[in-house]
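These notes concern the structure reproduced below.
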Amino acid sequence: MNNLRIGGLASGMDIDQIVSDLMKAERTKVDKLEQDKQLIKWKQELYQEINLDFANFILDTKKEFGLTLTTSTGTLVNRSVDNLDWVKSATSSNENIATVSANSSAVRGTYNITVDRLAESFSAASSGSISIGDKSNIASQFGLAVSDKIEFTITTNKGEKKFTYTNLDTVSLNDIVKDINSADLGVTAVYDSTIDRFFLQTDNTGSDNWMKITDTSTFSGGGTFITGDASKLQLKYNNGGSSVSLVNGQQYSGVDAQIDFGEAKDIVMSSNQFTINGINFNLKSTGSFTVQVDTDVDAVYDKIKTFVEKYNEIVEKVSIKLSEKRYRDYKPLTKEQKEQLSEKEVELWEKKAKSGLLRSDSILSRTMYNIRSGLYEQVSGVTGSYDQLTEIGITTESYISGSTGGKLVIDETKLKTAIQNDVDGVLELLFKEPSEELRTKSESNMTAAEIQQKRSESGLINRLYDNMIAGMKEIINKSGPGNDSATFRNVKSNMLIDFITQYSGISMLDKDISNIDDKIDDMYDYLDRVEDRYWRQFTAMEKAISQMNQQSMWLMSQFGGGM
């Protein structure tokens, strides 16, 4: 293709404009392909937007229920329904002795508790000021020779480490504290220079947490560093009310808590925070108190109500997309068309152009049907009072012309009565788990009968999650995960396995876009050839006209010369 084309010199015609006008008609074929591509990309974005809504619904409602918690590293961990802390309320008659809360597994009733002893860590501290000189280094702080050696071994239930220090004018007590604390032995050392005292204790309470110090320091002036009455740190611990020095090589342990739980006497716990029969205790002092456990009807109702509200939001959004009007006359705008419109006009036009792209979509319709039907099928194998949603006062709104339909409606009185009468039955209806074999088996390896059995044995909310996740996988296969892969993996760790293994990470719509891109490339090659042909034809015309003009001028000159 020629980069420099000059036409019209012989004919006087604007060849460049003529070719440009001819090519505009040809380029409408590219515009049509670009519009088709844009429609697919918009559809892909709409799919991904709804899929993210599904994912956030699952994550948010699970978090609201307390079915997941986030670790310090940001990892989501699933929790059992038995550990939910909003189902039952627990009150302590004396919160100076203990505060309490209840998990869903706690049994309603009144319990008499006596705390005989609190759990304690083992701790020792300097009995008096320990420094005799400048605190900048060990030698001057304790009046030691630079050539003396500090050496001791700390052994605990977690491990053992030997600490050795020479050149004592280059070592500070804070250096030793830092070394002890970074050794991960389950003990913590502290030196408070303002009061000039040293502290050492096990990190955790209970008799299982212990420490032993073997002091092998050698000082020219005699004495030890940690253990014994003549130690530089002057460490003492409470031994039956007496302040006693640490003995070299002796093991020291924390103390277990001891309580009576009704007629269950002398229960030993390593911590002051523990759970018995679904009741969570935080002991503060010794003494007796009572615990009252009851169903927190309002809290359970509010949790279910919040879930239903979020579910209805999803139903409404998807229903709108499924029934949205399609404006087929509003095609995606070309670049030239956008340049002729204002930003607001472009926005309004594209809103019409995007409308109805998911109208009656088979994937979304199938997903919502499975979700709705699953909510109204019985839960098999329940031991409580309820096996259907309507029995606890939750029904579906009627379909009315122009409405989204399918939303859940709560009968507050009936639901609260069901919660009061059998809260465990309500929880079982909503959160029952299928058998372990079915729960741990991948659905891709299940038979149709096994999948149906799992569905039948699952509580209604767990069933809803499973049906929604199945739809999400279909949407991912169709449109890809977009930028939300991490979110989908939080919903289910193997969410993208089939997409990667069966589809090689390329969605159906991505393939459609790639095919259109190939057609566009081919079309541009075709347009280049057409434009070259037009120019060759006009160039040939120009040459012919030029030759004709030259011949005419020659003839004229010949006639003029003979006169």
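Every number here is computed from the coordinates shown, using simple stated rules; none is lab data. In this text, all values refer to a predicted model and were calculated from it rather than measured experimentally. So basically every Cβ, Gly included, is an ideal-geometry build from the backbone, and we count neighbours across all protein chains shown.
Please work out which option in [x] 1.01; [y] 1.65; [z] 0.96 gives Cα Rg over 2.2 N^0.38 Å calculated from these coordinates, and answer with its label. Given [x] 1.01; [y] 1.65; [z] 0.96, the structure-derived one carries the label [y].
The simple Förster model, with R0 at 45 Å and r as the Cβ-Cβ distance, assigns L33 and I497 a FRET efficiency of 0.85. Checked against a 19 Å cut-off, the cross-linked pairs K338/K511; K441/K478; K325/K352 give Cα-Cα distances beyond that limit for K338/K511; K441/K478.
Inter-label distance, L348 to V530: 3.3 nm, where each label sits 7 Å from its Cα along the C-beta direction. Listed by chain and number, the aspartates and glutamates placed with their C-alpha closer than 14 angstrom to that of K321 are E45, E49, D53, E313, D361; residues fewer than eight positions away on the same chain are left out.
Straight-distance candidates among the lysines for linking to K416, with alpha-carbon spacing under 22 Å and chain neighbours fewer than 8 residues away dropped: K62, K88, K303, K305, K310, K407, K432. The gain in end-to-end length when the T114 to K24 segment is fully stretched comes to 23.2 nm, 0.36 nm per residue minus the alpha carbon separation.
Extension gain, E95-K63: 0.36 nm per intervening residue step, less the Cα-Cα distance, totals 8.6 nm. Using 0.36 nm per residue and subtracting the Cα-Cα separation, the extra length available between Y376 and K161 on full extension is 71.2 nm. Loop sites by DSSP among the chymotrypsin sites (Phe, Trp or Tyr not before Pro) of the chain, restricted to those with at most 16 other Cβ atoms within 10 angstrom, leave 1-326 as the longest stretch without any of them.
Can you compute the FRET efficiency between S456 and I320 using 1/(1 + (r/R0)^6), with r the Cβ-Cβ distance and R0 = 30 Å? Round to the nearest 0.05. That pair, S456 with I320, gives E of 0.40.
Among T395, T214, sorting on how many other beta-carbon atoms sit within 10 Å of each Cβ, with the fewest leading, yields T395, T214. By the beta-carbon count within 10 Å of each Cβ, the least crowded to most crowded order of M269, M211, fewest first, is M269, M211. Taking other C-beta atoms within 10 Å as the exposure proxy, R197, R533 rank R533, R197 from fewest upward.
Only helices enter this figure: runs of n ≥ 4 DSSP H residues, each worth -39500 (n - 2.57), summed and divided by the residues of the chain, yield -14500 deg cm²/dmol at 222 nm to the nearest 500. Between E436 and Q250, the modelled labels are 4.7 nm apart [label points 7 Å from Cα along Cα→Cβ]. Normalising the average separation of contacting C-alpha pairs (under 8 angstrom, six or more residues apart) by the number of residues puts the relative contact order of the chain at 18 percent. Within the same chain, lysines fewer than 8 places from K135 are excluded, and of the rest, those with a Cα less than 30 Å from its Cα are K149, K161, K162, K178, K212, K232, K236. Between A264 and V107, the simple spin-label model (points 7 angstrom out along Cα→Cβ) gives 1.0 nm.
Fraction of C-alpha pairs exceeding 24 angstrom in the range 123-253: 22 percent, rounded to a whole number.
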